[in-house]
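What follows is a single structure, written as structure tokens, with notes after it.
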Amino acid sequence: MRIGVLTGGGDAPGLNAAIRAAARRAFQRNLQVSGVMNGWAGCLGRGEIENLTPASVRGILPLGGTILGTSRTNPLKEKDGIQQVISVLSREGVDGLVAIGGDDTLSVAAALSESGYPVVGVPKTIDNDLSATDFCIGFDTAVGVVVEALDRLHTTASAHHRVMVVEVMGRDTGWVAMVGGLAGGADLIIIPEFPVALDEVVGHLHRRRGDRKDFSIIVVAEGVRMPDLEPALVGEAEQKTDAFGHVRLAKQGVGEALSNRIEAATGFETRVTVLGHLQRGGSPSPVDRIWATRLGVAATDLLADGKSGLIPVRRDGQVEVVPIGDVVKETRQVPRELYDLAQVFG
Ligand code: F6P
């Protein structure tokens, strides 16, 4: 049996650890392995698929990015896209696929499985918002980047008595903002799940000054919608979308708009930091490496045992297996409990 491994969507620290785990388990079980290059693009048209050997996956555990490359190519947008994927994989002798990705990549994997091709998934996205799993590969490293940034911004914010607005990734949800903000001691965390008005932000800053706290660290998720900021934001209609219909949120400039509005409304000196792709780069944390390893091995085992349409996930600290459709059914949101917890530290 030959399995294929593919990484799709935005990269995330831990992808290489997952590729290594899936491949090493395959070699242990006497399976052969192919790498699909550049996400779904690698199995469209003429295809781009390479044989992987033990040497190809040696030394990659601590590396960020993905040795296979990635893309946001969407076969569901191509004419007969799923049939093209199946024929390229079949032509290359790939009997089953491990698709490592977030909701976009895994939606395609679910469609592929429904068409009868053997496929399993591995959950990855720094946004951490797939449902049916407590954790997605890449999230822990991204949170670590945010925390380090907040620790650094604290000292300069306090020295200058400034408001620091820190924009972090999070397309639809505020997991990176909430967990990073809590661990990094932000005094206000603004996320899509719990919208706030500019007046509340201004009230919060005045309250802090009244309490003799003369600086502030505000974390805002890039996907937040605040009607008060709308005229300053670059509108969605003016932006190009990718093959999955997403605009580039960093271009919308929520952090910049918020920081300008705060300064205008309070007179407090305000600066903005946009962490951007720093959150996705570099070496994965131990937690991301361990879970990429556990989930990658479990994914290969599913295929090798003749199973399809499934994905190993983390639930209550254990690996469990659910249908791929379950993780893309809805976007997992930050619970009220964490939002309330953050209010203690305003
Ligand atoms: O989907 C994960 C994500 O990291 C989002 O948080 C962010 O909006 C997006 O990717 C950025 O994608 P790109 O790499 O295309 O700029």
List the lysines whose Cα sits under 25 Å from the Cα of Lys79, skipping any in the same chain fewer than 8 residues away. Lys240, Lys329
Karplus-derived HN-Hα couplings along the stretch 84-96 (A = 6.51, B = -1.76, C = 1.60, θ = phi - 60°), whole Hz, x at Gly and Pro: 4, 4, 5, 6, 5, 4, 5, 4, 7, x, 8, 8, x
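Note down the magnitude of the dipole of the stretch 142-281 about its Cα centre, charges +1 on Lys and Arg C-beta and -1 on Asp and Glu C-beta and zero elsewhere, to the nearest 20 debye.
Values: 15 positive and 19 negative charges, 63 e Å.
I would put it at about 300 debye.
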Could you pull out the pairs from Lys77/Lys307; Lys77/Lys251; Lys251/Lys307 whose alpha carbons sit more than 31 Å apart here? Lys251/Lys307
Table column - 3J(HN,Hα) (Hz), the stretch 19-25, Karplus curve with 6.51, -1.76, 1.60, x for Gly and Pro: 4, 4, 5, 4, 5, 5, 5
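Provide the per residue accessible area, probe 1.4 Å, for the chain, rounded to a whole number of square angstrom.
42
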Heavy-atom accessible area of Thr273 with all protein chains present, probe 1.4 Å, nearest 10 Å²? 40
Place +1 on the Cβ of every Lys and Arg and -1 on the Cβ of every Asp and Glu in the chain, take the dipole about the Cα centre, and give the residue among Gly210, Ser56, Val313 whose Cα lies farthest towards its positive end. Ser56
Under 16 Å from the Cα of Lys213, which aspartates and glutamates turn up, not counting those fewer than eight places away in the same chain? Asp187, Glu269
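With only Lys, Arg, Asp and Glu charged, each at its Cβ (+1 for the first two, -1 for the last two), find how big the charge dipole of the chain is about the Cα centre; round to the nearest 20 debye. Please list the in-between numbers first.
Numbers: 35 positive and 42 negative charges, 187 e Å.
Once rounded to the nearest 20, the dipole reads 900 debye.
Short version: what are the Cα gyration tensor semi-axes of the stretch 11-138, square root of 5 times each eigenvalue, largest first, in whole Å?
Values: eigenvalues 89, 71, 34 Å².
Working from the Cα gyration tensor, I get semi-axes of 21, 19, 13 Å.
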What do the square roots of 5 times the Cα gyration tensor eigenvalues come to for the chain, in whole Å, largest first, as semi-axes of the equivalent ellipsoid? 40, 20, 16
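The values are calculated or read from the model by the stated rules, or taken from the named source; none is laboratory data. On a predicted model such as this, the values are computed, not experimentally measured, just so you know. Cβ coordinates were reconstructed from backbone atoms using ideal geometry, including for glycine residues, and neighbour counts include every protein chain displayed. Side chains are part of the model used for accessible areas, which takes the heavy atoms of the whole protein and leaves out ligands, DNA and RNA. Shrake-Rupley method; radii C 1.70, N 1.55, O 1.52, S 1.80 Å.
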